[in-house]
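Data first, discussion second: the structure below is written as structure tokens.
The values are calculated or read from the model by the stated rules, or taken from the named source; none is laboratory data. Everything numeric in this text was worked out from a predicted model, so none of it was measured. Note: ideal-geometry Cβ built from the backbone for every residue, glycine included; neighbour counts use all protein chains shown. In case anyone asks, the SASA skips ligands and DNA or RNA and just uses the protein heavy atoms, side chains included. Shrake-Rupley method; radii C 1.70, N 1.55, O 1.52, S 1.80 Å.
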Amino acid sequence: MAGSPNTNPHKPRWLLAELTYACPLQCPYCSNPVDYSNYPTELSTEDWKRVLTEARKMGAVQLGLSGGEPLTRTDLAEIVRHASGLGYYSNLITSGYGLTEARIVELKEAGLDHIQVSIQASTQELNDHIAGTKSYSHKQDVARLVKKHGYPMVLCVVIHRKNIHQMADILKMASELGADYLELANTQYYGWAHKNRDLLLPSREQFETAEKIAQDYKETVKGKMKIYYVVPDYYEDRPKACMNGWGTTFLTVAPDGVALPCHSARELPGLDCPNVTDFSIDAIWNDSKAFNFFRGDDWMKEPCRSCSEKAQDFGGCRCQAYLLTGDMYNTDPVCSKSPNKHLVQAAIDQAMASAEQTIEVPLVFRNSKNSKNISN
């Protein structure tokens, strides 16, 4: 039922290089696989250089350097330097933990274009609790150093039930740090976030209140700071366009070299995702089963198959369809046209019931150690 090999696919434009799954933080919404410890192998420096070269030759121009925490790679500057020589626009996606001024200078000299720093909350207590590491003060210092050395100051705060009540303070913090861009990324429920969904999913009222605060704040900082508010799928009537179309734009390479059409695709059964140590990027992109699996619309079931909107959202997210329905071919249940829309409401109801429990249930952090929640 998978899509047929595409004889003339679009070329990749965005390469996400997940350099490592190692990370000093333990965020309970981490996008890494829940079983990431089963993939301890990491590509060598030379392997990464070859991947970057081949993907650039294919047409990739945007490079995300991610993890885990990419700063744990001692060869990060060497990889950045190679990417710069190839003509990539490179973005370091980091917690900032361990990033020193000397290393910022080193990466700047190597040709890094962009640094995105994540902060978990507007207060030290909550930030350090969510991160599982005392990191708040250091993150603030790093944000200022990024600005000092001429990078656009880009902050990312993942929003969920534990910090959504801080929206006004998060906006104030970003402004005080001189952020040029602020991404308010409502949690999307894959990986560790899916495991903790009952504890992280906010109510519709919480979401709508926070969104209004953010949208109103946009007007007060117009021309000074751009705010991107990523709406949570569960409160939408239409799904997002999965990866701008499966196998059309985005290419992810995991730390062990597995090439993925999206960073969560390891959760899907039967894709037979290829490894860059066995195949070239050209062969992976054009010929592999995984990258052709959901290209086109031959794979679609109803109501997607006959839907007039299928060219806009491509049936929604395959990983979300799989996690919620057990069938990755189904219409993404967040779509109001899906016969499985009730599953999203059931997930919301379950999360709200969890929020009302008198006995506090602990989050499961990505190091698999439970920690008692601090109250909101």
Exercise for review: Inspect region 168-188 for any residue being modelled with pLDDT under 95 and in contact with an Asp or Glu (Cβ under 7 Å, 6 or more places away or on another chain) and give the result as yes or no.
Suggested key: yes
**Study point:** Failed condition for residue 8, given (1) polar (S, T, N, Q); (2) at pLDDT 95 or above; (3) over 19 Å from the mean Cα position of the chain (by Cα)
**Key:** (2)
Practice item. Just give me the residues in region 233-269 being without any contact (Cβ under 8 Å) to a residue 60 or more places away in the chain, more than 18 Å from residue 314 (Cα to Cα) and in a loop (DSSP other than H, G, I, E, B), in sequence order. Key: 269
Revision key, fill the gap. Restricted to region 38-81 and to residues being in a strand (DSSP E or B) and open to solvent by 10 Å² or more (accessible area, probe 1.4 Å), the residue farthest from residue 101 (Cα to Cα) is 62
Check your understanding: What is the residue count in region 298-314 for residues that are free of Cβ contacts under 8 Å to residues at least 60 places away in the same chain, open to solvent by less than 60 Å² (accessible area, probe 1.4 Å) and not in a helix (DSSP H, G or I)?
Key -> 4
Check your understanding: Which members of region 234-279 meet the condition of being more than 20 Å from residue 65 (Cα to Cα), open to solvent by 20 Å² or more (accessible area, probe 1.4 Å) and in contact with an Asp or Glu (Cβ under 7 Å, 6 or more places away or on another chain)?
Key -> 238, 240, 241
Exercise for review: List the strands (runs of 3 or more DSSP E) that sit entirely inside region 82-195 and contain at least 3 residues that are open to solvent by less than 10 Å² (accessible area, probe 1.4 Å).
Suggested key: 89-94, 154-159, 181-186
Point to revise | Filter pass, residue 340 being open to solvent by less than 10 Å² (accessible area, probe 1.4 Å) and not basic (Lys, Arg) | key: no
